[in-house]
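Only one structure is covered here, and it is reproduced in the block below.
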Ligand code: GLU
């Protein structure tokens, strides 16, 4: 099997694109040899090297890998040759209508309650008509002549799909300036590279109907198709490519784990529960293309955060060590990790607690009504060695001595020792902070 992910380098990847990339990689069995990365960069004006670089960075970050990499801009000869074959076969014909002409035709059809389908008037032009038009300086664009009949395929997600070619307009394959639109290069590449499965967004379903005819006209067998419904945001609106906050670059910046993104995207739109996965190999084994439903899944950043939290909470000391070191938390030990991991949403949150435990930390002045209490707490601070029972022993004593309980007992201590109202269990934090620092913070 051979699959391809075919981004246009005209923007950054967002979660919707990542979902398509991931589905391709997972269906490819996680085997780089089964995946081609194709850059659809025939639009010279909008394609940019910085987006190519950005897409590569994002895919690497997710752990998606491929063997072959192709750029459509380097394969124009192939498209040209295919176009010539289609012309010879009478399937590609020149049209001279201007954008305004076409708009006018569309409006007239709509006014009559008809679908805005090109009426093929260019097919009626004689050789002489064309010569006249061209001597007037008109340049043709080229349309693919769809064959009559039903176009049918069994979609891996949508099931049986049928289109009556009569309801489709002959698509423009080549612009007036001779450049190719998306339609033909994609089919030519899929045929030339021997792509067996095309997974892409639902926005391409009609293109598939056309491309099936293109494959046939070029003497190639169409691949299998799977069209994933497009993700929508919390309001049910489509996720736009330009929505920066959902770009992978942004998620990375927020410190989210690539496996949180993968785990969410692999299950979103299926009836399977969203749960953390250890690594991409586990996702490969779990993956089943037919699980995807036909309704548009809602992408909620809060789901991603929850999943990220679960992944961090479950991160073993063994795996956490290198991550902590990379963040400069050189003194962090296993007891510290065990104490704080349950309070982290993203790994970088650890810095806060690292500062509390290992840093020089000046607590805010305590509230007036807590001053005496904290002085008493300092006086009652047990001698070291400290362990997980120290906190309880100390606060039990304070409770008996002061009559304070619950929040009034615990909160001033937590605030003085950590500078925060919430956080990891104090029984774990206290021995980590140690007597010296604890005493300093209670003054
Ligand atoms: N460049 C197209 C896109 O990003 C590719 C569609 C396809 O997979 O054929 O939508």
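Regarding residue 130, is this residue more than 16 Å from the ligand (Cβ to nearest atom), closer than 20 Å to residue 91 by Cα and without any contact (Cβ under 8 Å) to a residue 60 or more places away in the chain?
In short, yes.
Please find, within the stretch 76-112, the residue that is surrounded by the fewest Cβ atoms within 10 Å (Cβ to Cβ) out of those that are in contact with a helix residue (DSSP H, G or I) (Cβ under 7 Å, 6 or more places away or on another chain) and assigned to a helix (DSSP H, G or I).
78
I'm checking my understanding of the structure. Among residues of the stretch 1-14 that are closer than 17 Å to residue 251 by Cβ and touching a strand residue (DSSP E or B) at 6+ places or on another chain (Cβ under 8 Å), which one is nearest to the ligand (Cβ to nearest atom)?
Among those residues, the one meeting the criterion is 7.
So, of the residues in the stretch 18-39 that are more than 16 Å from residue 283 (Cβ to Cβ) and without any contact (Cβ under 8 Å) to a residue 40 or more places away in the chain, which turns out to be nearest to the ligand (Cβ to nearest atom)?
Residue satisfying both the conditions and the ranking: 39.
Return yes or no: is residue 157 under 30 Å from the mean Cα position of the chain (by Cα), in a loop (DSSP other than H, G, I, E, B) and more than 21 Å from residue 89 (Cα to Cα)? Talk me through it step by step, then tell me what you get.
Details: under 30 Å from the mean Cα position of the chain (by Cα): yes; in a loop (DSSP other than H, G, I, E, B): yes; more than 21 Å from residue 89 (Cα to Cα): yes.
Judged against the criteria, residue 157 is a match.
Just to be sure I understand, how many residues within the stretch 417-440 are assigned to a helix (DSSP H, G or I) and either over 17 Å from residue 371 (Cβ atoms) or modelled with pLDDT of 95 or more (or both)? Even if it seems obvious, please write down each step before you answer.
Here is the first cut: in the stretch 417-440, the residues assigned to a helix (DSSP H, G or I) are 417-418, 426-440.
Right, trim to either over 17 Å from residue 371 (Cβ atoms) or modelled with pLDDT of 95 or more (or both) and you get 417-418, 426-439.
So the answer is 16.
Give me a count of the residues in the stretch 138-155 that are closer than 19 Å to residue 213 by Cα and surrounded by 14 or more Cβ atoms within 10 Å (Cβ to Cβ).
Residues meeting the conditions: 8.
Restrict the check to the stretch 209-227 and report whether at least one residue is in contact (Cβ under 8 Å) with a residue 40 or more places away in the chain, surrounded by fewer than 19 Cβ atoms within 10 Å (Cβ to Cβ) and within 11 Å of the ligand (Cβ to nearest atom).
Scanning the stretch 209-227, I find no residue that is in contact (Cβ under 8 Å) with a residue 40 or more places away in the chain, surrounded by fewer than 19 Cβ atoms within 10 Å (Cβ to Cβ) and within 11 Å of the ligand (Cβ to nearest atom), so the answer is no.
I'd like to check something: does the stretch 126-137 contain any residue that is surrounded by 13 or more Cβ atoms within 10 Å (Cβ to Cβ) and part of a loop (DSSP other than H, G, I, E, B)?
Checked the stretch 126-137: no residue is surrounded by 13 or more Cβ atoms within 10 Å (Cβ to Cβ) and part of a loop (DSSP other than H, G, I, E, B).
Based on what the data block shows, is residue 57 within 20 Å of the chain's Cα centre (by Cα), touching a residue at least 24 places away in the same chain (Cβ under 8 Å), more than 14 Å from the ligand (Cβ to nearest atom) and not in a loop (DSSP other than H, G, I, E, B)?
Considered against the rule, which asks whether it is within 20 Å of the chain's Cα centre (by Cα), touching a residue at least 24 places away in the same chain (Cβ under 8 Å), more than 14 Å from the ligand (Cβ to nearest atom) and not in a loop (DSSP other than H, G, I, E, B), residue 57 comes out as yes.
Here are some residues: 243, 231, 248, 256. Which one is surrounded by 18 or more Cβ atoms within 10 Å (Cβ to Cβ) and at pLDDT below 95?
231
Would you confirm whether any residue within the stretch 279-294 is in a helix (DSSP H, G or I), touching a strand residue (DSSP E or B) at 6+ places or on another chain (Cβ under 7 Å) and surrounded by 16 or more Cβ atoms within 10 Å (Cβ to Cβ)?
Yes - at least one qualifying residue is present in the stretch 279-294.
Among the residues of the stretch 39-48, are any outside any loop (DSSP other than H, G, I, E, B), crowded, with 16+ Cβ neighbours inside 10 Å and modelled with pLDDT of 95 or more?
yes
Which is part of a helix (DSSP H, G or I), loosely packed, with under 14 Cβ neighbours inside 10 Å, more than 27 Å from the chain's Cα centre (by Cα) and without any contact (Cβ under 8 Å) to a residue 60 or more places away in the chain, of 330, 401, 387?
On the way: 330 fails: part of a helix (DSSP H, G or I); 387 fails: part of a helix (DSSP H, G or I).
That would be 401, the only listed residue that is part of a helix (DSSP H, G or I), loosely packed, with under 14 Cβ neighbours inside 10 Å, more than 27 Å from the chain's Cα centre (by Cα) and without any contact (Cβ under 8 Å) to a residue 60 or more places away in the chain.
Could you please find all residues in the stretch 363-380 being within 51 Å of the chain's Cα centre (by Cα) and assigned to a loop (DSSP other than H, G, I, E, B)?
Listed by number, the residues that qualify are 363, 364, 365, 366, 367.
Condition (residue is under 21 Å from the mean Cα position of the chain (by Cα), in a helix (DSSP H, G or I) and surrounded by fewer than 18 Cβ atoms within 10 Å (Cβ to Cβ)) applied to the stretch 194-202: is it met by at least one residue? I'd like the intermediate steps shown before the answer.
Going through the stretch 194-202, the residues under 21 Å from the mean Cα position of the chain (by Cα) turn out to be 197-202.
Adding the requirement that they be in a helix (DSSP H, G or I) leaves 202.
Now drop any that are not surrounded by fewer than 18 Cβ atoms within 10 Å (Cβ to Cβ), which leaves 202.
Yes, there is a match, as at least one residue in the stretch 194-202 is under 21 Å from the mean Cα position of the chain (by Cα), in a helix (DSSP H, G or I) and surrounded by fewer than 18 Cβ atoms within 10 Å (Cβ to Cβ).
Only one residue in 359, 419, 355 is closer than 25 Å to residue 325 by Cα, surrounded by fewer than 19 Cβ atoms within 10 Å (Cβ to Cβ) and in contact (Cβ under 8 Å) with a residue 24 or more places away in the chain, so which one is that? Break it down stepwise before answering.
Details: 359 fails: in contact (Cβ under 8 Å) with a residue 24 or more places away in the chain; 355 fails: in contact (Cβ under 8 Å) with a residue 24 or more places away in the chain.
Residue meeting the stated conditions: 419.
Any chance you could count how many residues in the stretch 177-191 are surrounded by 16 or more Cβ atoms within 10 Å (Cβ to Cβ) and more than 10 Å from the ligand (Cβ to nearest atom)? Walk me through it before giving the result.
From the stretch 177-191, those surrounded by 16 or more Cβ atoms within 10 Å (Cβ to Cβ) are 180-191; that's our starting set.
Cutting the leftovers down to more than 10 Å from the ligand (Cβ to nearest atom) gives us 180-181, 184, 188, 191.
Summing the residues that are surrounded by 16 or more Cβ atoms within 10 Å (Cβ to Cβ) and more than 10 Å from the ligand (Cβ to nearest atom) in the stretch 177-191 gives 5.
The values are calculated or read from the model by the stated rules, or taken from the named source; none is laboratory data. A quick note: this is a predicted structure, and the numbers were derived from the prediction, not measured. Using ideal geometry, Cβ is built from the backbone for each residue, glycine included, and neighbour counts are taken over all protein chains shown.
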